[in-house]
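**Q** Attaching a single structure in structure tokens format; questions to follow.
The values are calculated or read from the model by the stated rules, or taken from the named source; none is laboratory data. None of the values given here were measured: they were computed from a predicted structure. A quick note on method: Cβ atoms are made from the backbone with ideal geometry, for glycine too, and the neighbour counts reach across all protein chains shown. Calculation scope for accessible area: heavy atoms of the full protein, side chains included, ligands and nucleic acids excluded. Shrake-Rupley method; radii C 1.70, N 1.55, O 1.52, S 1.80 Å.
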There are 2 protein chains.
Amino acid sequence: MNAELLVSWREGPARQAIIKCVERICGEDGSPPVPVEQRVAVFDNDGTLWCEKPMPIQLDFILRRLVAMATAQPELRDRQPWKAAYERDYGWLGALMIEHYAGNDTNVRTLAAGILAAYAGISVDDFEQQSDAFLRSAQHPTLGRGYLECAYAPMVELLGYLKANGFTNYIASGGGRDFMRPTSQDMYGIPRERVIGSSSTFAYTDDGPGGTITHKPEADYIDDGPEKPVRIWNRTGRRPLIAGGNSNGDVPMLHFTHSVDTPTLHLLVLHDDGEREFAYTDGAEQALIQADTAGWTVISMKNDWSTIF
Amino acid sequence: MNAELLVSWREGPARQAIIKCVERICGEDGSPPVPVEQRVAVFDNDGTLWCEKPMPIQLDFILRRLVAMATAQPELRDRQPWKAAYERDYGWLGALMIEHYAGNDTNVRTLAAGILAAYAGISVDDFEQQSDAFLRSAQHPTLGRGYLECAYAPMVELLGYLKANGFTNYIASGGGRDFMRPTSQDMYGIPRERVIGSSSTFAYTDDGPGGTITHKPEADYIDDGPEKPVRIWNRTGRRPLIAGGNSNGDVPMLHFTHSVDTPTLHLLVLHDDGEREFAYTDGAEQALIQADTAGWTVISMKNDWSTIF
């Protein structure tokens, strides 16, 4: 039912695989329907639900914060990552991602330490206000649209289609959980309690009415790779029946999406549309091999989507 | 609305405070109703929703596991906590709790290390099967009822009343999250994804179809005291409007339950009915002082509840 919601999906194998799986789970093919509480779907965010090029949206948010810090404290301008942010040295940042894909995370750790320092001591309320204001005002650097309009329309339709068929959708992203929460309902119809993502550790202080939760300068966990199944379990207590991702870091989540009793669906968004979005497979090499081996459904943005945004 | 669900609550200040707060939040007194998504209620489990004497129910579960280990591995019988479990040395366990309340956690750490060792390497699926089987079969040692019937009837009614008024209920317990999950829906009408509790860390292994999540022998966090607000925030992304607890470890959670715009309700279950349950204030001394100072609603099991179970 409700397949008419998938208006931006062209007729083809991806759309067919989605509808076939959902109709089987809902018992529309005559098989016993899967109980509603078991209909859990999980989706990566960056590159799966919204655009992650030329850089992840949260990185833009962070760089602005680092620039503001370096502007206020000149002594930071000689230290990475503030130096790269202050000098708009996209070479350093680009090299960092290439090194990361090659297995060298030296500069990733430098950036991560900067990020943690950048928000040390901020309250969760103030952090939310900042990310909310950023996402509702900042523009994508090349697409000519606000970040809030950088979600992929077909994926938003897919979330709506799943919801209409009794599914509970979660975001299972490597990005910051509290960065996404203020806008997840408006963008995706996913309420804040169903956003799973990376997080720093927090401290609670009884400093007045209601007390305050503040960010500590250490990561609690990075919700990527083999940590994704763990975090999905911690939050939901279930294995998903449907999962969508786009990169190597999503492979364990897709692999964890499994049932011996019911059909499951594994979606991998392929960025093959350099005209309407960006064409790249960097960081998705292993995922594409796995998709081929395991028979996952690869979504060609170029062929399967009539509209991207 | 739906106050008739509170059948086991005697007319009195606790029942009145609950109904007054819920009716205000729902706008039945003419004030603007609080949006449904903000109606979050959190409850401790041990001593708040179900009985925790003569020992926490999960401790019984753990002791049986330690006995089974010591039976299979005789060399464990000389080491704590296996020694105490194997010899049914309730003196050691009782002293441990008294030391804990006095701020000495030496033996608590010995017990915790034993617990973590007891489940090292078990899959989340196997652990769930064990806790589910235990809770659905084991008997309370003195009350003459199965553990599944050890939930307080008035609190179950309260959860139903809140649900009927648009609230989303969570368990925010110091007990093990995955221990409670298999029965939380049947006992409390709270689905597994809304159980917040303590947890060990996990590892994900891609060891076949779907992979496996296993327990590692280290605590991820203990959901008690100042960790409770942090874990509630991590899971829900909100401050609760209603919270219920019974011990010192619940004080930060109750304190975190706050709003400048809407009414809030802070419930503290007082164990003052030695005839029908157990009479004790050990571990609740600070909470009772806070309740008095802050005007929290103390629930007298003896006076406010016509039925306990």
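**Q** Of B:1, B:55, which residue is part of a loop (DSSP other than H, G, I, E, B), under 18 Å from residue B:108 (Cα atoms) and aliphatic (A, V, I, L, M)? Write out each step before concluding.
**A** On the way: B:1 fails: under 18 Å from residue B:108 (Cα atoms).
Residue meeting the stated conditions: B:55.
**Q** Restricting the first residue to the range A:35-47 and requiring it to be within 17 Å of residue A:229 (Cα to Cα), which pairs with a second residue that is of a type in the set (Val, Ile, Thr) meet a Cβ separation below 7 Å and a spacing of at least six or different chains?
**A** Once the first residue is within 17 Å of residue A:229 (Cα to Cα) and sits in the range A:35-47, its partners that are of a type in the set (Val, Ile, Thr) give A:39/A:25; A:39/A:168; A:40/A:168; A:40/A:236; A:41/A:242; A:42/A:232; A:43/A:171; A:45/A:171.
**Q** Additional query: Sort out which residues of the range A:196-236 are within 20 Å of the chain's Cα centre (by Cα) and at the interface with another protein chain (Cβ under 7 Å from one of its Cβ atoms), and write them in order of number.
**A** Once the filter is applied, which keeps residues that are within 20 Å of the chain's Cα centre (by Cα) and at the interface with another protein chain (Cβ under 7 Å from one of its Cβ atoms), the range A:196-236 yields A:199, A:226, A:229, A:230, A:233, A:234, A:235, A:236.
**Q** Looking at A:209, A:217, which is the one that is open to solvent by 20 Å² or more (accessible area, probe 1.4 Å) and over 16 Å from residue A:126 (Cα atoms)?
**A** From the options A:209, A:217, the qualifying one is A:209.
**Q** Looking at the range A:237-252 only, could you name the residues that are small (Gly, Ala, Ser) and more than 9 Å from chain B (Cβ to nearest Cβ)?
**A** First, pick out the residues of the range A:237-252 that are small (Gly, Ala, Ser): A:237, A:243-245, A:247, A:249.
Answer for the range A:237-252, where residues must be small (Gly, Ala, Ser) and more than 9 Å from chain B (Cβ to nearest Cβ): A:243, A:244, A:245, A:247, A:249.
**Q** Based on this model, can you work out whether residue A:170 counts as aromatic (Phe, Trp, Tyr), farther than 25 Å from residue A:117 by Cβ and either open to solvent by less than 20 Å² (accessible area, probe 1.4 Å) or in contact with a Gly (Cβ under 6 Å, 6 or more places away or on another chain) (or both)? Spell out how you get there, then give the answer.
**A** Details: aromatic (Phe, Trp, Tyr): yes; farther than 25 Å from residue A:117 by Cβ: yes; either open to solvent by less than 20 Å² (accessible area, probe 1.4 Å) or in contact with a Gly (Cβ under 6 Å, 6 or more places away or on another chain) (or both): yes.
Against the criterion (aromatic (Phe, Trp, Tyr), farther than 25 Å from residue A:117 by Cβ and either open to solvent by less than 20 Å² (accessible area, probe 1.4 Å) or in contact with a Gly (Cβ under 6 Å, 6 or more places away or on another chain) (or both)), residue A:170 qualifies.
**Q** Given the conditions (1) of a type in the set (A, V, I, L, M, F, W, C); (2) surrounded by fewer than 19 Cβ atoms within 10 Å (Cβ to Cβ); (3) out of contact with any Ser or Thr (no Cβ under 9 Å at 6 or more places or on another chain), which single one is not true for residue B:158?
**A** (2)
**Q** With respect to residue A:283, determine if the residue is more than 14 Å from chain B (Cβ to nearest Cβ) and on the phi > 0 side of the Ramachandran plot.
**A** It is true that residue A:283 is more than 14 Å from chain B (Cβ to nearest Cβ) and on the phi > 0 side of the Ramachandran plot.
**Q** Quick one: would you say residue A:42 is open to solvent by 60 Å² or more (accessible area, probe 1.4 Å) and at pLDDT 95 or above?
**A** Judged against the criteria, residue A:42 is not a match.
**Q** From the list B:276, B:231, B:238, pick out the single residue that is charged (D, E, K, R), assigned to a loop (DSSP other than H, G, I, E, B) and crowded, with 17+ Cβ neighbours inside 10 Å.
**A** Only one candidate qualifies: B:238.
**Q** Within the range A:94-116, is even one residue at pLDDT 85 or above and within 21 Å of residue A:204 (Cβ to Cβ)?
**A** There is at least one residue in the range A:94-116 that is at pLDDT 85 or above and within 21 Å of residue A:204 (Cβ to Cβ).
**Q** Within the range A:103-126, track down each residue that is open to solvent by 50 Å² or more (accessible area, probe 1.4 Å) and among the hydroxyl-bearing types (Ser, Thr, Tyr).
**A** Residue satisfying the conditions is A:106 alone.
**Q** Which one of these is aliphatic (A, V, I, L, M), over 15 Å from the mean Cα position of the chain (by Cα) and not in a strand (DSSP E or B): A:143, A:159, A:148?
**A** Just one listed residue meets the conditions, A:143.
**Q** What number of residues in the range A:1-34 are hydroxyl-bearing (Ser, Thr, Tyr) and closer than 11 Å to residue A:162 by Cα? Break it down stepwise before answering.
**A** So in the range A:1-34, the residues hydroxyl-bearing (Ser, Thr, Tyr) come out as A:8, A:31.
Applying the additional criterion that residues be closer than 11 Å to residue A:162 by Cα yields none.
Number satisfying all stated conditions: 0.
**Q** Which one of B:298, B:251, B:195, B:269 is in contact with a strand residue (DSSP E or B) (Cβ under 7 Å, 6 or more places away or on another chain), surrounded by 17 or more Cβ atoms within 10 Å (Cβ to Cβ) and without any contact (Cβ under 8 Å) to a residue 60 or more places away in the chain?
**A** B:195
**Q** Consider residue B:263 against the criteria (1) away from chain A (no Cβ under 11 Å); (2) open to solvent by less than 40 Å² (accessible area, probe 1.4 Å); (3) farther than 20 Å from residue B:17 by Cβ: it satisfies all of them except one. Which criterion is unmet?
**A** Just one mismatch for residue B:263, condition (3).
**Q** Being touching a residue at least 12 places away in the same chain (Cβ under 8 Å) and part of a helix (DSSP H, G or I) is the filter here; which residues of the range A:131-140 pass it?
**A** Scanning the range A:131-140 gives A:131, A:132, A:134, A:135, A:136.
**Q** Would you check which residues across the range A:84-96 are open to solvent by 70 Å² or more (accessible area, probe 1.4 Å) and either outside any loop (DSSP other than H, G, I, E, B) or among the hydroxyl-bearing types (Ser, Thr, Tyr) (or both) and list them?
**A** Residues satisfying the conditions are A:86, A:90.
**Q** Next question, about the same structure. Does residue B:249 satisfy the condition of being over 19 Å from residue B:166 (Cα atoms), under 15 Å from the mean Cα position of the chain (by Cα) and in a helix (DSSP H, G or I)?
**A** The answer is yes for residue B:249.
**Q** Looking at the range A:173-181, is at least one residue open to solvent by 10 Å² or more (accessible area, probe 1.4 Å), within 10 Å of chain B (Cβ to nearest Cβ), within 18 Å of residue A:39 (Cβ to Cβ) and in a helix (DSSP H, G or I)?
**A** No; the residues of the range A:173-181 include none that is open to solvent by 10 Å² or more (accessible area, probe 1.4 Å), within 10 Å of chain B (Cβ to nearest Cβ), within 18 Å of residue A:39 (Cβ to Cβ) and in a helix (DSSP H, G or I).
**Q** A further question follows. Do we find that residue B:65 is farther than 30 Å from residue B:231 by Cα, open to solvent by 60 Å² or more (accessible area, probe 1.4 Å) and assigned to a helix (DSSP H, G or I) in this structure? If you could, list the steps in order and put the result at the bottom.
**A** Numbers: farther than 30 Å from residue B:231 by Cα: no; open to solvent by 60 Å² or more (accessible area, probe 1.4 Å): yes; assigned to a helix (DSSP H, G or I): yes.
For residue B:65, the condition - farther than 30 Å from residue B:231 by Cα, open to solvent by 60 Å² or more (accessible area, probe 1.4 Å) and assigned to a helix (DSSP H, G or I) - is not met.
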